[in-house]
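Q: The structure is given below, and queries will be raised subsequently.
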Amino acid sequence: MSEPLAEREQSTEPGMTLASTEFGDIYQEHSRAIYYLALRFLGDPDKAEDATHDVFLKAFRKRDQFRGDSSWRTWLYRIAINHCRNLQQTWHERHMLSNADDAVWENTAARGDSPLRVLETKELGQRIQKSLDGLPAEYRLLLLLVADEHLSYEQVATLTDQTADAVRGKLHRARKAFAALFEKTSGDVPAHTRSGSVS
Amino acid sequence: MSRLIPGLEASPNTIMKSQHKLNSQESEQESAVLREISKETPMEFATPEELLRHDALHTPVPPAIAHRLGESVGPIAAPRRPWWRRWLGH
């Protein structure tokens, strides 16, 4: 689906629903990925809903600028990342380096290669969000993008303005940091639902 | 010989009701056991990405987004009226 949308879709007629348009097909195919990124990056379902709407609206308005040299998914992700970053931008994030956070994880027990064990799925979303919230934004974004099987490391690298090797290196630290935080969240779950120890 | 318990006549209906109650109790116990087993059986994910993928699959997109988007997109791309409609004054 690399052909520019504007050349295929002349217009949407008044009263035509999104589902009956070609842009609707694009929404159908990519909305889950974009919504999930917004949800877990921003940590707020209402903000994620607004952000997803705004991202697709922006994409629709700029659809004639899509030249097909990337996939729709990566183009939408680019818009979503910029949008979410703008929403989250604070003076702190603009001026403080993320590298300072690396030291926190260096002293953590090496659990980056251990499987993550989950007993109860009921509060899984909360645990995941809490773990992601504890990460530097850079690591959070990296994990969310790499989790999308449609994206290669090279595409993730392009989206995050770094090399694929840099992605791999940071990914290792991000996994380790996430695992440490995730294990801590198991302490927040009531005893009768607590999972076994992380191996 | 049909009287199993002294003082209690075992009619076919009574037997059927008892059997049904027993079956219900058994299936209830079975369900409870299965629930406990599923609670105790942990899911394992090799990497955080796998965990996130599982989470993403179980995170539905709010349908309100599509509705809002449809309303937002509609007015932007309204088509021009064809010349014959303009000529006929429609």
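Q: Counting only residues that are exposed (fewer than 13 other Cβ atoms within 10 Å of the Cβ) and not in a helix (DSSP H, G or I), which one in the range A:153-199 is modelled with the highest pLDDT?
A: Within the range A:153-199, the match that is modelled with the highest pLDDT is A:Asp161.
Q: Can we say A:Arg94 is within 13 Å of chain B (Cβ to nearest Cβ) and at pLDDT below 90? It would help to see each step written out before you state the result.
A: Working: within 13 Å of chain B (Cβ to nearest Cβ): no; at pLDDT below 90: yes.
Considered against the rule, which asks whether it is within 13 Å of chain B (Cβ to nearest Cβ) and at pLDDT below 90, A:Arg94 comes out as no.
Q: Something else: What pairs can you find where one residue is in the range A:112-139 and within 15 Å of B:Thr47 (Cβ to Cβ) and of a type in the set (Ser, Thr, Tyr), the other is outside any helix (DSSP H, G or I) and modelled with pLDDT under 80, and their Cβ atoms are less than 9 Å apart, with a gap of 6+ or different chains?
A: Every condition considered, the pairs that remain are A:Ser114/A:Val198; A:Ser114/A:Ser199.
Q: Do the conditions hold for A:Arg85, that is, is it surrounded by 12 or more Cβ atoms within 10 Å (Cβ to Cβ), under 14 Å from the mean Cα position of the chain (by Cα) and either within 14 Å of chain B (Cβ to nearest Cβ) or modelled with pLDDT under 90 (or both)?
A: For A:Arg85, the condition - surrounded by 12 or more Cβ atoms within 10 Å (Cβ to Cβ), under 14 Å from the mean Cα position of the chain (by Cα) and either within 14 Å of chain B (Cβ to nearest Cβ) or modelled with pLDDT under 90 (or both) - is not met.
Q: For residues in the range B:37-90 being within 27 Å of A:Leu141 (Cβ to Cβ), of a type in the set (Gly, Ala, Ser) and loosely packed, with under 15 Cβ neighbours inside 10 Å, which is modelled with the highest pLDDT?
A: Within the range B:37-90, the match that is modelled with the highest pLDDT is B:Ala64.
The values are calculated or read from the model by the stated rules, or taken from the named source; none is laboratory data. Note that this is a predicted model, so its numbers are computed, not measured. Cβ sites come from the backbone with ideal geometry, for glycine too, and all protein chains shown count toward neighbours.
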